[in-house]
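See below for the structure under consideration.
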Amino acid sequence: MPAPLDDVTVVAIDNWMAAPSAGAILADLGARVIKIEPLTGDPMRGMSRPIKKDDASDELRAYDFQFDVDNRGKQSIAVALDKPEGVALVHKLVAGADVFMCNLLLARQEKFSLDPQSLFAVKPDLVHATLTGYGTTGPDAWRPGYDVTAFFGRSGLYDAQREGDDGVVPMARPAQGDHTTGLAMVSAILAALRLAERSGEGQSVETSLYETAVWTQASDYAVTAIDHAPVRRRARKQMLAITANRFPCGDGKWVVFNMLPDVAYWPRMCQALDVEHLIDDERFIDSSSRYRNMAELIDLIDAALAERSRDEWGEIFDKAGLIWGKVLGLHEVPQDPHAIELGIFPSIEHPTLGSYNTVNIPMRFGSADVKPRGPSPQLGEHTLPVLQAAGLSEEEIAALVEGEVVRKGT
């Protein structure tokens with residue numbers, strides 16, 4: 001089967017996780033992705049936590065799995081952009097590419113002649129894609145941004161997710177904002193490729209961690225952008241509906257319900273939990289009463305759920321037609337039968353490590369070859385073959401290596 005992007009070449013100057021994750025998706029879709037790294041490598045290299053597996057080899061423990069998931073299936077070439085010869089090499093690669101993607105601030109793009117107008121002069125129908133923390137215009141366009149600062153902090157997401165008005169600001173797990181923004185970057189690139197194909201003209205697209213985070217909260221901002229009122233942060237005992245809340249079961253495992261409007265589900269929930277007497281209790285007789293007495297009602301529901309394990313309750317909930325979900329630990333998800341059936345954790349074959357599981361991109365095709373194309377590259381692993389394919393002679397490549405313009409892989 002063909003891959004959707006098997007005729008697309010991407011040149012990427014990116015690091016950390018957001019833009020690289022977009023490149024990983026493009027590679028899984030079949031694109032040839034050439035990752036240009038500094039001679040010292042992407043700073044994300046070597047940042048992975050070691051795996052916790054008793055029978056793992058030393059090599060497996062030392063492998064860069066977090067770097068791997070965002071850089072799998074790519075080619076790596078190490079180039080010194082602070083040298084004119086390095087910039088000339090990038091231009092030469094761009095001349096044969098369809099997409100140039102970077103996470104460089106605009107000032108650095110201009111410094112290295114990698115801004116849209118400079119590269120359109122090299123490839124008139126190029127798609128030039130930029131991913132930054134805060135965008136390329138505005139008073140904070142100069143500011144470096146990571147997902148914890150630009151995505152979660154500046155966008156209001158951290159503040160909105162505090163537990164009540166006095167709750168501590170939470171911390172997100174690694175790269176949630178990065179990977180969400182990577183999806184936005186891919187969407188923009190695919191649309192721009194279509195437009196460039198139709199018009200024959202170069203296209204410049206961009207997204208940012210900040211803008212993507214605001215979009216993820218569009219349901220809140222649909223109102224907040226108009227009234228500018230603070231969002232109420234509700235603790236568990238301050239929720240609007242008992243039927244849309246989270247609860248611990250008897251084994252300490254949690255479930256979450258999302259059943260609205262509550263008037264349609266409240267009797268059914270009581271019957272499933274064997275607390276039918278609460279249906280006609282004056283304290284909880286309607287939505288307003290249940291909201292006013294939410295703290296007391298939560299205690300009663302918690303006590304009912306404490307009688308059985310989550311698995312036992314799950315069978316009861318399903319028979320009752322309740323809308324609920326398990327709150328799984330991260331370590332449980334790779335073993336979730338549904339995740340396995342969906343192929344969320346496919347395997348990659350490594351030439352020395354053997355087979356290991358990675359994380360699939362969140363899209364599936366009925367008749368296309370979409371999959372991880374292999375492990376992430378070593379630093380500069382493809383410097384020689386990429387430059388040879390670009391038409392450089394062995395003598396020219398040797399001079400670049402000697403002049404520390406490029407670095408070969410080990």
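The values are calculated or read from the model by the stated rules, or taken from the named source; none is laboratory data. Here the structure is a predicted model, which is why all the values come from computation and not from measurement. Cβ: placed from backbone, ideal geometry, glycine included. Neighbour counts: every protein chain shown.
Scan region 104-135 for residues that are among the hydroxyl-bearing types (Ser, Thr, Tyr) and in contact with an Asp or Glu (Cβ under 6 Å, 6 or more places away or on another chain) and jot them down.
Once the filter is applied, which keeps residues that are among the hydroxyl-bearing types (Ser, Thr, Tyr) and in contact with an Asp or Glu (Cβ under 6 Å, 6 or more places away or on another chain), region 104-135 yields THR130, TYR134.
Condition first: surrounded by 15 or more Cβ atoms within 10 Å (Cβ to Cβ) and over 17 Å from VAL255 (Cα atoms). Now tell me which residues in region 286-343 satisfy that.
SER287, ARG290, TYR291, ASN293, MET294, ALA339
Check ARG236, ARG232 and return the single one that is modelled with pLDDT under 95, in contact with a strand residue (DSSP E or B) (Cβ under 8 Å, 6 or more places away or on another chain), farther than 29 Å from MET17 by Cβ and not aliphatic (A, V, I, L, M).
ARG236
What tally of residues in region 173-202 results from selecting those that are under 14 Å from the mean Cα position of the chain (by Cα) and either among the β-branched types (Val, Ile, Thr) or within 22 Å of GLY135 (Cα to Cα) (or both)?
Residues that pass the stated criteria total 14.
Can you name the number of the only condition in (1) crowded, with 19+ Cβ neighbours inside 10 Å; (2) of a type in the set (A, V, I, L, M); (3) under 29 Å from VAL401 (Cα atoms) that LEU131 fails?
(3)
Sort through GLN203, GLN217 and tell me the only one that's polar (S, T, N, Q) and surrounded by 17 or more Cβ atoms within 10 Å (Cβ to Cβ).
GLN203
Residue check, ILE242 against (1) assigned to a helix (DSSP H, G or I); (2) out of contact with any Ser or Thr (no Cβ under 7 Å at 6 or more places or on another chain), all met but one. Which one?
(1)
What are the residues in region 260-285 that are part of a helix (DSSP H, G or I), among the hydrophobic types (A, V, I, L, M, F, W, C) and loosely packed, with under 15 Cβ neighbours inside 10 Å, if any?
Hits for region 260-285 are VAL263, ALA264.
Would you check if THR137 is in contact (Cβ under 8 Å) with a residue 60 or more places away in the chain and among the β-branched types (Val, Ile, Thr)?
Against the criterion (in contact (Cβ under 8 Å) with a residue 60 or more places away in the chain and among the β-branched types (Val, Ile, Thr)), THR137 does not qualify.
Which of the residues that make up region 222-233 are farther than 16 Å from GLY153 by Cβ and surrounded by 15 or more Cβ atoms within 10 Å (Cβ to Cβ)?
Listed by number, the list holds a single entry, THR224.
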